[in-house]
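Engineer: Structure in structure tokens, see below.
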Amino acid sequence: MIVTVSEKGQLVIPAEIRRLLGITPGTRLNVLPDAGGFRALVDDARKTKSAADCVGIAGYTGKAISAEQMDVAKYATKP
């Protein structure tokens, strides 16, 4: 697949390849020189986030409650 490098040295990874490799915004790539070019490897560090790193990603802004206080059925909706 041929891509074009911009004046800033940026290139676009085609959507099909991004989907195949799980590349999403913020994914880090390890770019290494290789014979005749380079290799870009997906950094596995993105797969090692802890639960604490994910706190707040859902956008909930209400009062914090414990797991014991949660009643899943209360928030269930009918299709």
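The values are calculated or read from the model by the stated rules, or taken from the named source; none is laboratory data. All figures in this text were calculated on a predicted structure; none of them were measured in a lab. Because the Cβ atoms are built from the backbone with ideal geometry, glycine has one as well, and the counts that use them run over all protein chains shown.
Engineer: Just checking, does region 8-30 include any residue being surrounded by fewer than 10 Cβ atoms within 10 Å (Cβ to Cβ), assigned to a helix (DSSP H, G or I) and small (Gly, Ala, Ser)?
Structural biologist: Scanning region 8-30, I find at least one residue that is surrounded by fewer than 10 Cβ atoms within 10 Å (Cβ to Cβ), assigned to a helix (DSSP H, G or I) and small (Gly, Ala, Ser), so the answer is yes.
Engineer: Might you check whether a residue that is surrounded by 10 or more Cβ atoms within 10 Å (Cβ to Cβ) and acidic (Asp, Glu) occurs anywhere in region 41-53?
Structural biologist: Yes: region 41-53 contains one or more residues that are surrounded by 10 or more Cβ atoms within 10 Å (Cβ to Cβ) and acidic (Asp, Glu).
Engineer: Does region 63-79 contain at least one residue that is at pLDDT below 80, assigned to a loop (DSSP other than H, G, I, E, B) and aromatic (Phe, Trp, Tyr)?
Structural biologist: Among the residues of region 63-79, not one is at pLDDT below 80, assigned to a loop (DSSP other than H, G, I, E, B) and aromatic (Phe, Trp, Tyr), which makes the answer no.
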